[in-house]
Every structure is written in C-alpha cells, then in structure tokens.
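Below is one structure, written out as structure tokens, with a few remarks after it.
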Amino acid sequence: MIATATIADEILALKREKKAILLAHHYQESDIQELADSIGDSLELSRKAQQFEGDVIVFCGVVFMAETAKILNPSRIVVVPDKDAGCSLVDACPVDQLRAVKARYPDHAVVSYINTSAAVKAESDIICTSRNAVDVVNSIPADKPILFLPDINLGNYVKKQTGRTNMRIWQGACIVHATFPARKLSQARAQHPEALVAAHPECPADVLKMADFIGSTSAIIDWCVTHEGNEFIVMTESGVSHTLNKRAPNKTFHFIPNENCNCSECPYMKRNSLEKLRDCLKTLQPRIELAPEMIERARAPIERMLAVR
Ligand code: 13P
Ligand code: SF4
C-alpha cells in the first residue's frame, strides 16, 4: 500500500515542481522552518531574496518582508501563505502621515525600519533593519537631521548608540516586544540568577538596560549559541527557540510572556500554517503585486541599505 503523502511531502514536491524557494523568518512555526530553504532575520532574508535564481519566492513571514523580496525581484512571483499577516509597526506609519511630517521637516533624512509598507519605503532615503540600524544611521553625515521611523524603542536605542542628538523618532511600537514587562524580566532574573539576558532592540528601554546582549533575531541566536554561558533569558518572539534548541541542545532558554497574551508569540507571524503554505504553492496565490513605479522608488533606499551593510 502506498503511504498517503503528508502535507510536508506535498509542500516539498510543489516546491520542486514550481522551482520555488521557501524563505522563513525565525518567528515561524517549527514545522514551517523545517521545510525552509533559508531561515533568517529581516536583513538575511532580504539578501537571500536578492541572490535567488528561480521562478517563485514563497515568503513565510509577514507581508512587509514579502514586499521587500518582490521589490528586489520584480520579475519573479512572490507568494505568501496569508496576506493578512501584517505588523503593528507597519500600521503605525501610514504613508499620508509620513508625507505630512516630511513636509514639516524637509531637510531631514528619512531612515525607515524595514518593518514599513512599500509606499513608506518609497518615501524614504534609506532603510535599516534591527541588525544594521546603528551602521545605517552612522552612514549619514553627522550634521544631517534624521527622521527615524516607525519604532520608538529601536529609534531610542540607535540614538543612544550613535550619540546622535538631531534625530526625530516616530511613536510606533511592536505589540510583542514593546509589551515585555521589565518587572517580569526582573522576576525571571531572580529565579534564574545564572542566566544571561539577550534582547531585541524593539524592547522598551528598561528591558534593554538589563540586557547582556542586544541584537536582531539572528544575532541573538548566534550570541547565545557561541557564548560560553549555558542559560539565557531571551527577550524576543519564542519562534527563535526552534533554531536555538537545534544549534545548542544542551543549553537552557527561558522566554518571558508579554503583557497582552501571556505568551511571547507574534499573532501576525503565526497566521501562517502548513495548510496555507501548501495551498499558496499550489495556486501561486495570494501574490504580492506592486506597481512598477512603486518598486522603482522603494528599491533605491533598500539598495542604499544593502550597500552599507
Ligand atoms: P529581525 O530583523 O531581527 O528579524 O526582526 C524582525 C521583526 O519583525 C522583529 O519583530
Ligand atoms: Fe511586527 Fe512585532 Fe510581529 Fe515583528 S514581532 S512582525 S515587529 S508585530
């Protein structure tokens, strides 16, 4: 008797048939990460999208990440399992509000976090990710004022690291990282006195103050894996535990629940599922479609970022 193909088998077969690459962010469910050709943070996945040779990109993350892949690969088909996989930071910065603020501060360089819509990227001078934000800001002449958007915590962290005083920061926040309470981190440190703390820069300043290391999702993983310590409190979305446990099976990782849901999961990232992934590969829908003029304008600030780091 021939065994029934599992969804995972179907996905792998469809991936071959459609000449597709599957890119997955660290916050995806483990079963999706297991099937991915590449797992990474926003910067790494942007680079993978740029280097890829094939017909179809299946992006398992959130929509702004898939839009970045489309901007860098206009001639390829880019599909996502769920087009409603948004991001609170994207929602915090509508393009008409950005245009109004730009009109008030026309001399400012607009530095936009990659967690923005394609329309906002098209209005920006340069893009950054959590991994390269400090280098990107340092690449701008010191006397040039900056409008940094949309994450207030990342903006304040970068301002502190660069010593930049001429930086206006948008008031957006990530619903996951911005709601990690410093109080719960203090309790966890008391419970696990040997544990070191690694945090994503989208966390509030009082959480970052307690961190032994601050970095992007991949940078956090690399630091925990290579550090001589054996126990870590990880202040980011718990999807990173997939790679952490694989690369460092003998180490212990603790995750702190955020204020809203008593978990540390991004509800947008978790909209994707194996079933939706199989269906989008089968139908090549839903697709990321962007006007050529928008792609042209949004591509320049992304390429400026990729040239910095
Ligand atoms: P990274 O660039 O660190 O992967 O972060 C993306 C993100 O959405 C963090 O919440
Ligand atoms: Fe957006 Fe936060 Fe989810 Fe990252 S974790 S995708 S910043 S809502």
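The values are calculated or read from the model by the stated rules, or taken from the named source; none is laboratory data. Here the structure is a predicted model, which is why all the values come from computation and not from measurement. Ideal geometry is used to build each Cβ from the backbone, glycine not excepted, and the neighbour counts take in all protein chains shown. Note: accessible area is taken over every heavy atom of the protein model, side chains too, but ligands, DNA and RNA are not part of it. Shrake-Rupley method; radii C 1.70, N 1.55, O 1.52, S 1.80 Å.
Local charge sum around Val137 (other residues, Cβ-Cβ under 14 Å, Lys/Arg +1, Asp/Glu -1)? Local charge sum for Val137: +4. Rounded to the nearest 20, the size of the Cβ-charge dipole of segment 165-309 about its Cα centre is 240 debye, with Lys and Arg at +1 and Asp and Glu at -1.
Rolling a 1.4 Å probe across the protein heavy atoms gives segment 135-288 an accessible surface of 44 Å² per residue. Computed over protein heavy atoms with a 1.4 Å probe, the accessible surface of segment 1-88 works out to 41 Å² per residue. Split the accessible area of segment 172-244 by element, probe 1.4 Å, and carbon with sulfur accounts for 50%. Simple rule: put +1 on each Lys or Arg Cβ and -1 on each Asp or Glu Cβ in the chain, find the dipole, and look at Gln28, Leu277, His227; the Cα lying farthest toward the positive end is His227. How large a share of the accessible area of segment 34-160, in percent, is made up of carbon and sulfur atoms when the probe is 1.4 Å and the other protein chains stay in place? The C+S portion of the solvent-accessible surface of segment 34-160 is 46 percent.
Take 13-26, 157-170 and order them by the average number of nearby Cβ atoms within 10 Å per residue, most first; the result is 13-26, 157-170. Sorting the segments 190-198, 73-81 by their residues' average number of neighbouring beta-carbon atoms within 10 angstrom, most packed first, yields 73-81, 190-198. Take each peptide in 230-236, 254-260, 272-278, count the other Cβ atoms within 10 Å of every residue, and average; sorted highest first, the result is 230-236, 272-278, 254-260.
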